[in-house]
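Notes to accompany the following structure.
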Amino acid sequence: MSDRPLAAVVLAAGLGTRMRSATPKHLHPLLGRRLVDWVIEAARGLGPQPLVVVTAPGQEDAFEGVEVAVQSEPRGTGDAAAAARPTLEGFEGDLLVVSGDAATITTEILERLLETHRREQAAATVLSFDRPEPGDYGRIVRGTDGSLEAIVEAGDATPEQLAITEINSSIYVFDAAKLWPALDQLAPENRQGELYLTDTIRELVAAGDRVAVYEDDDTAEVGVNTRAELAATAVVLRDRINEAHMLAGATIVDPATTWIEPSVELEPDSTIHPFTILRGETRVAEGAEIGPHAVVDGAVVGPQALVGPFCYLRPGTVLEAGAKAGTFVEVKNSRLGAGVKASHQSYIGDADIGEGTNIGAGNITANFPHREGEPKGRTVIGRNVRTGVHNSFVAPVEIGDDAWTGAGSVITEDVPPEALAVARQRQENKEGYVRKRREGDD
């Protein structure tokens, strides 16, 4: 591309200030990553040195692998960009500046922007998009010859300017030597009383510097100011994640109802059924099937394992090859060995279950002691065990290999291998009880 140095600045300061009751930095509940993290990843793909994130006070430790600058007060995007200046002291080259909520931006779009900037040998290059409904985005105002005249924020635009459909993405490449003097010229001449980064374009144009515009044909959201825009952005990111998994060989039956966090790994020939959410450090092996209506959070699902329908695997869960966690089964911090079946309406927590074991319907591992200061116990169930329906295992307790437990039993003591454990009161039939009670009422 060029031997010219490249640095990048991601403006994360102030995210959420325009979205009422926003979660910190626009964390979407079904994607598990802040919007700014997607932006950082896209910028990092260009290999900038350094990559600087501008953030608010108190957030200095919220970012890893980048330089961090602090905007002391929320005084606008121009002030945020200026906050990075000390970190970039002495840098001479091209400077990519990206808004921290432009989560759908890609490295490929940024590459095309940078190529245009260098080809045009511009002092600055603006990334723009055409939107039939431009909404609150700033408008790209061009002269009669098509050159850039200004970028006007929607709140400051005239009716004629509001009719323009070419919008500013708030993403730029600057010649760093041109940017700093332009930032020094900024004044809060707008309704919000802020310093706009867009006004640096006006200063550069007024000084006779060349400012280029690269209009990309991408149709994704380029910023998030409302909950509606957050949802629209999340859909774009969800679809990208799902498409990448499918192109790599995983089957996603209905991508529109499947949410997968970017940290999840799916092996080829795994199958994800509709209405499934995969979160955290989840790993799904070849031949495994998840869902429908399953939530898997930080679990390892082995080859040919089955999860669901209507199943919840919580962090620390491991299903080995061919294991099954079925309908209305919840598993936490437990290992189910190869071929284990827990098919119906059970809770398995803090347990180790040996291969080939069958867990009956309605089984519960009771591992919380309800006594202050005492840790949870652990349940160990051996190989080829057959548990009865409606069993409770009060931890700590161990069930030996090949043992059976009777239906309705509350197991509080260890069970030897190959034994049958029955822990329930013997049934007693009181002959004529109902008739006698009825006659007594008479």
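Within the option set Val224, Val213, Val296, being in contact with a strand residue (DSSP E or B) (Cβ under 6 Å, 6 or more places away or on another chain) and either assigned to a loop (DSSP other than H, G, I, E, B) or under 21 Å from Glu330 (Cα atoms) (or both) holds for one residue only, Val296. For segment 244-280, filtering for residues that are under 15 Å from Tyr312 (Cα atoms) and part of a loop (DSSP other than H, G, I, E, B) leaves 4. Among the residues of segment 262-274, those identified as in contact with a strand residue (DSSP E or B) (Cβ under 6 Å, 6 or more places away or on another chain) and surrounded by fewer than 21 Cβ atoms within 10 Å (Cβ to Cβ) are Glu265, Thr271.
When residues in segment 305-328 are screened for being surrounded by fewer than 20 Cβ atoms within 10 Å (Cβ to Cβ) and under 20 Å from Ala248 (Cβ atoms), 0 of them pass. Is at least one residue of segment 140-149 more than 22 Å from Arg85 (Cβ to Cβ), out of contact with any Asp or Glu (no Cβ under 9 Å at 6 or more places or on another chain) and of a type in the set (Gly, Ala, Ser)? Yes; the residues of segment 140-149 include at least one that is more than 22 Å from Arg85 (Cβ to Cβ), out of contact with any Asp or Glu (no Cβ under 9 Å at 6 or more places or on another chain) and of a type in the set (Gly, Ala, Ser). Counted as qualifying within segment 79-160 are the strands (runs of 3 or more DSSP E) with 2 or more residues that are under 28 Å from the mean Cα position of the chain (by Cα), namely 94-99, 124-130. Could you list all residues from segment 232-255 that are aliphatic (A, V, I, L, M) and either in contact (Cβ under 8 Å) with a residue 12 or more places away in the chain or touching a helix residue (DSSP H, G or I) at 6+ places or on another chain (Cβ under 7 Å) (or both)? Of everything in segment 232-255, those that are aliphatic (A, V, I, L, M) and either in contact (Cβ under 8 Å) with a residue 12 or more places away in the chain or touching a helix residue (DSSP H, G or I) at 6+ places or on another chain (Cβ under 7 Å) (or both) turn out to be Ala234, Val236, Leu237, Ile241, Ala248, Ala250, Ile252, Val253.
Counting only strands (runs of 3 or more DSSP E) that sit wholly inside segment 313-408, those with at least 3 residues that are farther than 21 Å from Val284 by Cβ are 364-366, 379-381, 392-394, 397-399. A single member of Glu153, Glu120 is touching a residue at least 24 places away in the same chain (Cβ under 8 Å), of a type in the set (D, E, K, R) and under 22 Å from Asp175 (Cβ atoms), and it is Glu120. The set of residues in segment 43-68 that are assigned to a strand (DSSP E or B) and either surrounded by fewer than 22 Cβ atoms within 10 Å (Cβ to Cβ) or assigned by TED's automatic domain parsing to the domain that holds Phe275 (or both) comprises Leu51, Glu67, Val68. Checking Glu203, Glu189 one by one, the residue that is without any contact (Cβ under 8 Å) to a residue 24 or more places away in the chain and not in a helix (DSSP H, G or I) is Glu189 and no other.
The residues of segment 137-163 that are buried (at least 16 other Cβ atoms within 10 Å of the Cβ), of a type in the set (Val, Ile, Thr) and modelled with pLDDT under 90, listed by number, are Ile151, Val152. When segment 32-42 is filtered for residues that are surrounded by fewer than 22 Cβ atoms within 10 Å (Cβ to Cβ) and not in a helix (DSSP H, G or I), the ones remaining, listed by number, are Gly32, Arg33.
The values are calculated or read from the model by the stated rules, or taken from the named source; none is laboratory data. Everything quoted here is computed from the prediction, not taken from an experiment. Positions of Cβ are generated from backbone atoms using ideal geometry, with glycine treated the same way; all protein chains shown enter the neighbour counts.
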